[in-house]
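These notes concern the structure reproduced below.
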Amino acid sequence: MRRHQTTEPMRRCIGCYHSRPQSELLRLTYNGSAFKADTDIRNEGRGIYLCRNDECIQKSFKRKAWNRICRSAVNTEEIMRAIESALNEN
Ligand SMILES: [Zn+2]
């Protein structure tokens with residue numbers, strides 16, 4: 001079995017909870033009021049990671065991962081827009 005030979009930091013997907021190299025995941029941030037795509041890893045705020053597939057995106061909503069991050073009800077459309085722009089910019 002081959003292992004990753006990268007020194008990249010591993011991050012955990014909020015949909016499936018698997019850890020993967022940071023560059024394989026979508027990165028978003030939550031700055032206290034809004035979720036944003038974070039493609040250059042420069043935005044301030046809490047980093048949020050997701051695999052690039054619909055399944056994990058759906059799972060993240062089912063598990064209410066977003067609600068846990070912001071500790072309140074979330075605007076699903078706003079999050080979907082952030083996810084889509086993260087997908088498009090990578
Ligand atoms: Zn995942």
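The values are calculated or read from the model by the stated rules, or taken from the named source; none is laboratory data. Just so you know, these numbers come straight off a predicted model, no measurement behind them. For neighbour counting, all protein chains shown are included, and Cβ atoms are generated from backbone atoms with ideal geometry for every residue, glycine included. In case anyone asks, the SASA skips ligands and DNA or RNA and just uses the protein heavy atoms, side chains included. Shrake-Rupley method; radii C 1.70, N 1.55, O 1.52, S 1.80 Å.
Quick look at the numbers
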{"item": "Every residue from the range 31-64 that is within 16 Å of the ligand (Cβ to nearest atom) and either hydroxyl-bearing (S, T, Y) or surrounded by 18 or more Cβ atoms within 10 Å (Cβ to Cβ) (or both)", "result": "I48, Y49, L50, C51, C56, I57, K59, S60"}
{"item": "Among (1) modelled with pLDDT of 95 or more; (2) small (G, A, S); (3) not in a loop (DSSP other than H, G, I, E, B) - the single one G47 does not satisfy", "result": "(1)"}
{"item": "Neighbours by Cβ (under 7 Å, 6+ apart or cross-chain): first from the range 56-72, of a type in the set (S, T, N, Q); second surrounded by fewer than 16 Cβ atoms within 10 Å (Cβ to Cβ)", "result": "N67/A73"}
{"item": "Residue in the range 16-27 that is assigned to a helix (DSSP H, G or I) and among the hydrophobic types (A, V, I, L, M, F, W, C) present", "result": "no"}
{"item": "Count of residues meeting criterion [under 19 Å from M10 (Cα atoms) and either open to solvent by less than 60 Å² (accessible area, probe 1.4 Å) or modelled with pLDDT of 95 or more (or both)] in the range 70-90", "result": "1"}
